[in-house]
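Some notes on the structure that comes next.
The values are calculated or read from the model by the stated rules, or taken from the named source; none is laboratory data. In this text the structure is predicted, and so the values were computed from the model without any measurement. Virtual Cβ from ideal backbone geometry, glycine too; neighbours counted across all protein chains shown. Just so you know, the surface numbers come from the protein's heavy atoms only, side chains and all, with ligands and any DNA or RNA stripped out. Shrake-Rupley method; radii C 1.70, N 1.55, O 1.52, S 1.80 Å.
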Amino acid sequence: MAWATVVRGERFAFDDLRTLLAKANEEKSGDRLAGIAARSESERAAAKTVLADLPLAVLVDEPLLDPAHDDVSRLLARTHDAAAFAPLRSLTVGELRERLLSHDGAVDAVPPRAIVPEVAAAVAKLMSNLDLMTAARRMRRVTRCRNTMGEPGVLGIRVQPNHPADDVRGILLSTVDGLLFGCGDAVIGVNPASESVATVGAILHALGALVERWQIPTQTCCLAHVSTQLAALERGAPIDLLFQSIAGTEAANASFGVTLDLLHEGRERVLAHHRERGDAWVGDDVMYFETGQGSALSAEAHHGIDQLTCEARAYGVARAFSPFLVNSVVGFIGPEYLFDERQIVRAGLEDHFMGKLLGLPMGVDVCYTNHVAADQNSCDNLLVLLASAGCNYFMGVPCADDVMLGYQSTSFHDAAAIRALFGLTPAPEFARWLEERGIFRDGRRSASNAALRRDLLRAIERVALPGAA
Amino acid sequence: MSGARESVPGVPQGAAHASTTAMRAEPSVEALESVLVEHTPARVLVGEAGDAYRTATQLELRRDHAAARDAVRRELDLHADLGLDVVQRFGLFVVDSCCRDKDEYLLRPDLGRRLSAEAQDRIRGMCPPGADLQVVVGDGLSVAAVAAQAATVLGMLADAAAARGWTFGQPFCVRHCRVGVLNDVGDLLAPEVVVLLIGERPGLRYADSLSAYLAYQPRAGHTDAERNLVCNIHERGVAHDAAVARIVALAEQCRAARTSGIAVKEELSAVTAARSNEPGAPAPAPTIGRVG
């Protein structure tokens with residue numbers, strides 16, 4: 001199908017759906033890199049105008065990628081609830097935008113399973129930044145593993161205690177530092193520098209022992225490749241959450257070395273492992289996914305689809321596996337995909353909105369690299385915007401400086417400040433634990449508690465070398 | 001590290017509520033902290049002003065970010081960054097990717113993955129094909145990393161190759177280089193294993209961290225799933241000799257398996273993994289957007 005419109009006397013034609021979606025995107029250096037971006041602001045506005053009148057049915061009935069050649073497309077078709085979508089079929093994208101923003105609670109009549117990623121991407125393209133926040137704030141997505149994330153008034157934080165050489169004591173020290181700031185309810189999750197099964201196993205054992213010894217109602221994770229985590233599991237390592245980076249096309253996932261079958265098999269194995277461990281699980285959400293606009297293009301696996309739509313398709317993959325956590329790593333990819341603070345902020349708000357619309361417990365790693373035109377103030381800005389939009393969780397990195405991955409995210413201090421600024425609390429189980437341990441008192445961080453600090457620090461030696469004490 | 005253990009004797013089980021035993025001569029919080037902070041370069045235990053940083057912390061972060069931003073802009077200078085000795089020993093030369101300058105390099109990774117036509121001619125003319133081990137040095141996002149690490153690692157790799165009887169290809173440098181350049185090198189020279197030493201994106205703490213990407217018979221169309229990686233090669237990360245030992249061991253694994261990437265897993269013991277100066281193996285599956 002082809003479309004055309006006239007804006008101020010100039011005619012703009014769009015040959016197919018991919019082209020229309022790409023040109024309707026807000027400006028992103030990645031779409032320019034792919035050669036699919038609007039060539040002028042007028043063309044961008046024209047594409048948005050055409051897109052607004054497009055019936056949602058077109059976006060559902062005309063797959064961007066032939067399901068015969070792409071397993072993500074097959075998964076999206078299989079997991080789409082046609083019955084739930086039926087009442088929405090004749091809506092246009094513009095009308096869906098208004099419904100999501102209306103005051104009458106109509107958002108409840110838009111169940112996530114009725115929405116396909118292409119629809120989520122299309123409506124995001126018509127929204128202002130404030131629209132993205134307003135609409136997302138109404139959509140709470142609650143998930144459960146060892147605690148409960150995503151309820152109203154809750155802001156979770158992942159402690160990200162990475163170490164450039166995977167020193168377990170160093171990892172545990174960063175973890176304790178984060179716990180003392182009330183962080184770590186979303187997950188204590190380490191990106192290992194090494195992909196060896198032994199290293200990943202050592203990290204998982206140490207984090208598991210800390211959580212067990214201190215009876216912390218949270219989840220641990222070592223963000224190695226899924227096959228490495230499963231190999232560690234095979235050798236006896238405890239796995240709370242199974243992590244994987246994912247993307248929105250089969251070819252992009254292949255570049256990460258993953259298939260949908262592998263994700264499915266991994267989830268089944270971790271669920272069985274949880275049942276065997278018999279810990280105090282409050283739910284069966286055991287997967288953790290990270291994504292980011294531009295990853296498909298980076299793997300030369302975008303098939304001419306714009307980076308926002310590819311990202312939405314990654315969320316379509318994620319929701320098929322009932323994840324506990326999903327976050328975009330929005331500023332990590334670099335200036336060739338998101339050029340500066342303006343583009344990073346826009347992408348962060350889009351990603352959070354689309355994830356929520358598709359039913360995901362969306363968090364965001366608000367971050368930047370040292371080769372992009374952004375700084376820590378950029379993170380402060382986006383952090384506030386996303387907190388106001390009801391984002392499920394952020395990252396907690398010591399002073400926001402990840403000494404393994406070499407980028408800057410958000411800090412334990414930032415987490416405390418944002419919770420205070422918006423009156424948000426940690427996950428309920430975790431908040432109770434903080435009070436019981438005296439880390440928090442009446443919902444606020446308590447003054448420095450030397451005995452508690454010493455106990456936590458000494459616990460590091462016990463769990464870093466099991467059986468050594 | 002054994003010192004750290006000896007300083008923390010007899011921690012009782014269930015130490016959570018052990019504060020009442022504090023009358024005994026036990027290590028102070030400060031003593032524990034001073035031992036533990038030696039285990040990580042992370043900015044832990046920095047104190048606070050309310051929920052914010054102390055002013056000294058705030059300014060330190062600001063200074064380090066400024067240094068990293070400046071490092072990204074630096075251009076490769078063969079003699080200054082690799083050293084005259086190494087340049088002469090190996091007959092090193094520099095070629096360009098398809099990027100014209102640093103700005104284009106930052107915005108166009110596709111061009112940074114391709115060798116310019118002139119570069120291809122020069123490499124064909126200078127490098128005998130079919131080596132067992134072909135090493136390439138790329139500036140990546142940190143010339144500081146190349147300057148601090150590449151010369152030593154290159155020399156040690158050549159020695160290790162000689163000790164194993166491997167033919168060692170004529171090494172060269174690529175300016176404005178991305179990891180994907182491995183495929184062009186494979187297509188041009190058909191080596192058995194290619195090792196690309198490339199500057200990592202500067203962090204705040206380290207602006208001079210080097211990565212080594214390995215690929216077995218790389219060809220056009222190969223992705224990171226077909227590559228192995230030893231990363232964080234710098235003073236407080238992976239030491240030069242440890243890095244070279246791991247690169248060579250991985251090269252041997254790749255040659256034996258006749259493939260590289262996700263199918264080749266580095267094996268290290270848990271004891272090694274727990275020690276800060278001997279970190280584990282690389283991460284073959286990329287996180288989004290490394291020097292890619």
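Within 13 Å of chain B (Cβ to nearest Cβ) and either of a type in the set (S, T, N, Q) or outside any helix (DSSP H, G or I) (or both): does that describe A:A209?
no
Report, ordered by the first and then the second residue, all pairs with beta carbons closer than 6 Å, sequence separation of six or more or different chains, a first member in segment A:32-58 that is modelled with pLDDT under 95, and a second member that is of a type in the set (D, E, K, R).
Going by the 6 Å Cβ cut-off, the qualifying pairs are A:L33/A:E336.
For (1) under 24 Å from A:Q408 (Cβ atoms); (2) open to solvent by 10 Å² or more (accessible area, probe 1.4 Å); (3) charged (D, E, K, R), each residue gets a yes or a no:
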site	(1), (2), (3)
A:L100	no, no, no
A:H103	no, yes, no
A:A114	no, no, no
A:S128	no, yes, no
A:M133	yes, yes, no
A:C145	no, no, no
A:G156	yes, no, no
A:L180	yes, yes, no
A:C183	yes, no, no
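Kindly provide the set of residues from segment B:39-70 that are facing chain A (nearest Cβ under 9 Å) and of a type in the set (D, E), ordered by number.
If the condition is that a residue be facing chain A (nearest Cβ under 9 Å) and of a type in the set (D, E), then B:E48, B:D51, B:E60, B:D64 are the ones that fit.
Can you name the helices (runs of 4 or more DSSP H) wholly within segment A:240-336 that have at least 1 residues being among the hydroxyl-bearing types (S, T, Y)?
Fully inside segment A:240-336 and qualifying: A:250-255, A:295-298, A:307-319.
Return the pair list, or none, for Cβ contacts closer than 7 Å from residues in segment A:331-342 that are more than 10 Å from chain B (Cβ to nearest Cβ) to residues that are at pLDDT below 95 and surrounded by fewer than 24 Cβ atoms within 10 Å (Cβ to Cβ), at least 6 apart or on different chains.
Close Cβ pairs (under 7 Å, with a partner that is at pLDDT below 95 and surrounded by fewer than 24 Cβ atoms within 10 Å (Cβ to Cβ)) amount to A:D340/A:A373; A:E341/A:A373.
Please state which of the following conditions A:G170 fails to meet, knowing it meets all the rest: (1) of a type in the set (G, A, S); (2) crowded, with 24+ Cβ neighbours inside 10 Å; (3) touching a residue at least 12 places away in the same chain (Cβ under 8 Å).
For A:G170, the exception is condition (3).
Answer with yes or no whether A:R18 is farther than 22 Å from A:G316 by Cβ, assigned to a helix (DSSP H, G or I), open to solvent by 10 Å² or more (accessible area, probe 1.4 Å) and not hydrophobic (A, V, I, L, M, F, W, C).
No: the conditions fail for A:R18.
Conditions tested, residue by residue: (1) closer than 28 Å to B:W166 by Cα; (2) touching a residue at least 40 places away in the same chain (Cβ under 8 Å); (3) open to solvent by 50 Å² or more (accessible area, probe 1.4 Å).
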{"site": "B:V35", "(1), (2), (3)": "no, no, no"}
{"site": "B:E38", "(1), (2), (3)": "no, no, yes"}
{"site": "B:A49", "(1), (2), (3)": "no, no, yes"}
{"site": "B:Q58", "(1), (2), (3)": "no, no, yes"}
{"site": "B:A67", "(1), (2), (3)": "no, yes, yes"}
{"site": "B:G83", "(1), (2), (3)": "yes, yes, no"}
{"site": "B:Q88", "(1), (2), (3)": "yes, no, yes"}
{"site": "B:R113", "(1), (2), (3)": "yes, yes, no"}
{"site": "B:D132", "(1), (2), (3)": "yes, yes, no"}
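With (1) open to solvent by 10 Å² or more (accessible area, probe 1.4 Å); (2) of a type outside the set (K, R); (3) touching a Cys at 6+ places or on another chain (Cβ under 7 Å); (4) not in a helix (DSSP H, G or I) as the list, and B:P128 as the residue in question, which single condition is left unmet?
Here B:P128 clears every test but (3).
I need a count of the residues in segment B:175-227 that are within 11 Å of another protein chain (Cβ to nearest Cβ), of a type in the set (S, T, Y) and closer than 16 Å to B:R246 by Cβ.
2
Looking at A:G266, A:G236, A:G201, A:G283, which one is over 26 Å from A:V366 (Cα atoms), crowded, with 24+ Cβ neighbours inside 10 Å and in contact (Cβ under 8 Å) with a residue 24 or more places away in the chain?
A:G201
I'm told A:A165 meets every condition in (1) more than 12 Å from every other protein chain (Cβ to nearest Cβ); (2) outside any helix (DSSP H, G or I) except one. Can you identify the failing condition by its number?
Looking at each condition in turn, A:A165 falls short on (1).
Could you please find all residues in segment B:64-104 being at pLDDT 90 or above and in contact with a Lys or Arg (Cβ under 8 Å, 6 or more places away or on another chain)?
B:D64, B:E75, B:L76, B:F93, B:V94, B:V95, B:D96, B:S97, B:C98, B:C99, B:K102
Which one of A:A431, A:A447, A:A459, A:A387 is more than 7 Å from every other protein chain (Cβ to nearest Cβ), surrounded by fewer than 24 Cβ atoms within 10 Å (Cβ to Cβ), out of contact with any Pro (no Cβ under 6 Å at 6 or more places or on another chain) and under 20 Å from B:E30 (Cβ atoms)?
Only one candidate passes the filter, namely A:A447.
Residues are listed down the side, and each one gets a yes or a no for (1) under 16 Å from A:D131 (Cα atoms); (2) open to solvent by less than 10 Å² (accessible area, probe 1.4 Å):
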site	(1), (2)
A:A320	no, no
A:L325	no, yes
A:V329	no, no
A:F332	no, yes
A:L338	no, yes
A:E341	no, no
A:L349	yes, yes
A:K356	yes, yes
A:G359	no, no
